[in-house]
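None of the figures in this text is laboratory data; all of them are computed from the coordinates on show. Just so it is clear, the model here is predicted, and its values are computed rather than measured. Cβ coordinates were reconstructed from backbone atoms using ideal geometry, including for glycine residues, and neighbour counts include every protein chain displayed.
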Amino acid sequence: MGLYKYIAAFPNEGTREILIEADTPKDAADKLRGRGAIPVRFCGEDSAEGGGSFKRSRRADTYEFTRQLAPLLDSAIPLERALAIIAEGAVDPEQKNFVNSMRQGLHEGKKFSELVRSHGRAFPPYYANLIESGEETGCLPIVVNELQKFMAESKELKDFIISSSIYPVVILSVTLIVTVLLFTVFVPRFTKIFLDMGRELTGAMSFLVTASNFLAWAWWLIPLLVIGAYFGLRELIGKEQMRYKLSNLLVSLPLAGRIAVDLEMCKYIRTMAILISNHVEIIKTVRICNKIIVNPVIAEKFSDIDRKLKGGDKLSAALRENPYLPASLVPMLRVGEESGTVGEMLEKISGNLENDTRTKIKRLLNLFEPAVIIFLAVIVLIVVVSIFTAMMEINSISHGGKI
C-alpha cells in the first residue's frame, strides 16, 4: 500500500489536507467518499518504491517517536490520542506525516503492530513482534516502555562505536594518503632523477617503480576488481550462499568475530527478557527472538530451540549447547528458572554482555591504531631503504669505487 495526500471537503468541517493509505489513488478517493468526504484535489503520492512502506518514514526518527510514546501510554492515554499529541508537537514535517500515517491506519481499524510492519525498514526488525506481543497480552504501555529503554541502549552503543572509531579512521585515512603520495609522487620523481643520470635501477627500486606505475595507471582498477569479484561470486554461488559465506568469515575472525556474535546476542537476550517479563508464551518468545538474528550462521544454531522446548526441555537446557551464547548464561538462567525470575535474570545477563562488548570494541580499536601505524612505518621504511640504497650506489660510482 501507498500513502496518498488529498485536499478533501468534510461536511460541517470545511476542507483540509488528509493522508489516506490505499493501493491506488482511486482506492484512496473511494475511501474518502466512504467517510462522507468529497475529494477536491489529489496532492501526490508518498508511497515507497516497490510496495508497501511509507517512503519518507525511513527518514523518520523512530527512536524519538518511541521515546515520546512511552510516557503517554504510561499515563493511560489511548494510543490514537497519544499519536495525535505527538503529531501536534512534531516540528519536522516528515515526522508529522509519519505519525499522521499511523493515526490514519488506526482510524481504518488496523492494529498498531500491522502499521509498524507496513512501514518496513523505518522500525527495527524486532519492533513489530514486540508491539504485537504487547497487544496480545494487554501490556502495550509496558512493552513500549521497554522498547524505549532497549532502543536507547542500542543507540548509546552505536554512538559509542562511532565515536570510538573516529580516531582510527583518521589514522587509516592519513596512512592511505601518505602511501599513495609516496608511490605516485615521490618515487616517480626520484626515479626520473636517477634515470636522467644514466644509472640502472636496483632491484628494490625496480619493484617500487613497478608498484608506482601500477598505482598511477590503474588505481581505479583495484576497487573495480574487488566489486566485480564480489558480484561475480554472488552470481556463481547464489546471493544467500554468498551471504552465508561472508557471515561465516566474519564470525571466524579472532576478535571482530566475537564482537559480531556478542552484538547479535545482546539483541537476542534483551528481546527475550522483554517478552518473558511481559508473560509471552515461551515458544512464541523464542520464535520472535530468532527473527531478529541477522547473521545466518548464528541463526542456524537457534533454529531448533522451539523443537527442544516442545520436547519438554527447559529454556536453560535448550540453550545449553549453543556455542554463541555467553558461558554464564545457562547457569544464571537455571537459577532464574528455579526462582521464577527468568526475565530479570536475562535482563542482568544482557546488561553484563553489553558492557563486555563495549570493552571488546574498545580493545579492538586500541589494537587497530598501532597496527595501522606499523603498516605505515613499514611502507615508509621500504621506500626510504630502497632510495637510500640507490643513492649509496650513485655515490660509490661517482667516487670511482664501491663502499
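In the stretch 124-403, with Lys and Arg counted as +1 and Asp and Glu as -1 at Cβ, which of these residues, Tyr244, Gly311, Pro125, has the Cα nearest the positive end of the dipole, that is, farthest along it?
Tyr244
For the chain, calculate the relative contact order in percent as a whole number, restricting contacts to Cα pairs under 8 Å that are 6 or more residues apart.
Computed over the chain, the figure is 13 percent.
Just to be sure I understand: if I project the alpha-carbon convex hull of the stretch 227-281 onto a plane and average over all orientations, what area do I get in nm²?
5.5 nm²
Between helix 342-398 and the chain, what is the angle of the helix's C-alpha long axis to the longest principal axis, kept within 0 to 90° and rounded to the nearest 10?
20 degrees
How large is the Kirkwood hydrodynamic radius of the chain, in angstrom, based on all distinct alpha carbon pairs?
26.4 Å
Net charge near Arg234, counting Lys/Arg +1 and Asp/Glu -1 over other residues with Cβ under 13 Å of its Cβ?
+1
Just to check I understand the Karplus step: with θ = phi - 60° and J = 6.51 cos²θ - 1.76 cosθ + 1.60, what whole-Hz values come out for the stretch 165-175, glycine and proline as x?
8, 4, 5, x, 5, 5, 4, 4, 5, 5, 4
What is the angle, in °, between the Cα long axis of helix 239-252 and the longest principal axis of the Cα atoms in the chain? Nearest 10 is fine, range 0 to 90.
The angle comes out at about 70 degrees.
Under a point-charge model restricted to the Cβ atoms of Lys and Arg (+1) and Asp and Glu (-1), what is the dipole moment magnitude of the chain relative to its Cα centre, in debye to the nearest 20?
620 debye
How large is the charge dipole for the stretch 103-187, taken about the Cα centre, if only the Cβ atoms of Lys, Arg (+1) and Asp, Glu (-1) carry charge, to the nearest 20 debye?
For this selection, approximately 240 debye.
Could you sort out which of Lys5/Lys111; Lys110/Lys291; Lys31/Lys110; Lys245/Lys284; Lys149/Lys348 sit more than 25 Å apart by Cα distance in this structure?
Violating the 25 Å Cα-Cα cut-off are Lys245/Lys284.
Could you tally the net charge around Gln148, taking each other residue with its Cβ under 11 Å from the Cβ of Gln148, Lys/Arg +1 and Asp/Glu -1?
-1
Work the Kirkwood hydrodynamic radius out for the stretch 246-368: mean of 1/r over every pair of different alpha-carbon atoms, inverted, in Å.
One over the average 1/r among Cα pairs gives 14.9 Å for the stretch 246-368.
Taking every pair of alpha-carbon atoms in the stretch 52-123, what share in percent sits in each 5 Å bin, from 0 to the bin with the longest distance?
Each 5 Å bin holds this share of Cα pairs: 3, 18, 30, 29, 17, 3, 0.
Can you put Cys266, Cys139 in order, fewest other beta carbons within 10 Å first?
Cys139, Cys266
Quick one: what are the phi-derived ³J(HN,Hα) couplings along the stretch 318-330, Karplus 6.51/-1.76/1.60 with θ = phi - 60°, whole Hz, x for glycine and proline?
Per-residue couplings from phi come out as 5, 9, 4, 8, 6, x, 9, 7, x, 4, 7, 5, 4 Hz.
Modelling each spin label as a point 7 Å along the Cα-to-Cβ direction, I'd like the Asp196/Ile283 distance in nm, to one decimal.
Placing both labels 7 Å along Cα→Cβ, they lie 8.3 nm apart.
Could you tally the net charge around Ser247, taking each other residue with its Cβ under 13 Å from the Cβ of Ser247, Lys/Arg +1 and Asp/Glu -1?
+1
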